[in-house]
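Right, one structure below, let's go through it.
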Amino acid sequence: MRVLLSVPILVTGKTAKGADFQEETRTLVVNAHGALISLAAGVATSQKITVTNPATQQTSECRIAYVGASTAGKSQMGIEFVTPCPSFWQIDFPPEDWVVPEN
């Protein structure tokens, strides 16, 4: 279950060219397995990064699962936790079979 949620995060790692980076950004969408974020640093699919949730000081290693097109100097990218961490975003996700009732 994906949830539209803007959470401030700190992303650190190395760019695809090997340079260290640290960037403050926000999530666009989160789920129990990772998130969709917007990042200016030039990273590549399958690369590892570290994501920190400043509100909880919790840190998790993530893998870049998808890199989209660049817009205004930032790329949307999907990240996934290397080790499952469903509590990282501090929200309760609805069950997989949850359906919104129609009016």
A32: passes all of (1) in contact with a Pro (Cβ under 8 Å, 6 or more places away or on another chain); (2) free of Cβ contacts under 8 Å to residues at least 60 places away in the same chain but (2)
Counted residues in region 71-103 being at pLDDT below 85, more than 17 Å from the chain's Cα centre (by Cα) and within 18 Å of L28 (Cβ to Cβ) come to 0
Here the residues within region 26-37 that are in contact with a Leu (Cβ under 9 Å, 6 or more places away or on another chain) and either assigned to a loop (DSSP other than H, G, I, E, B) or surrounded by 18 or more Cβ atoms within 10 Å (Cβ to Cβ) (or both) are T27, V30, A35, L36, I37
Of those in region 1-23 that are among the β-branched types (V, I, T) and at pLDDT below 95, the residue farthest from L36 (Cα to Cα) is T15
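The values are calculated or read from the model by the stated rules, or taken from the named source; none is laboratory data. Bear in mind that the values here come from a model prediction, so they are computed numbers and not experimental data. Every residue, glycine among them, receives a Cβ derived from its backbone with ideal geometry; neighbour counts consider all protein chains shown.
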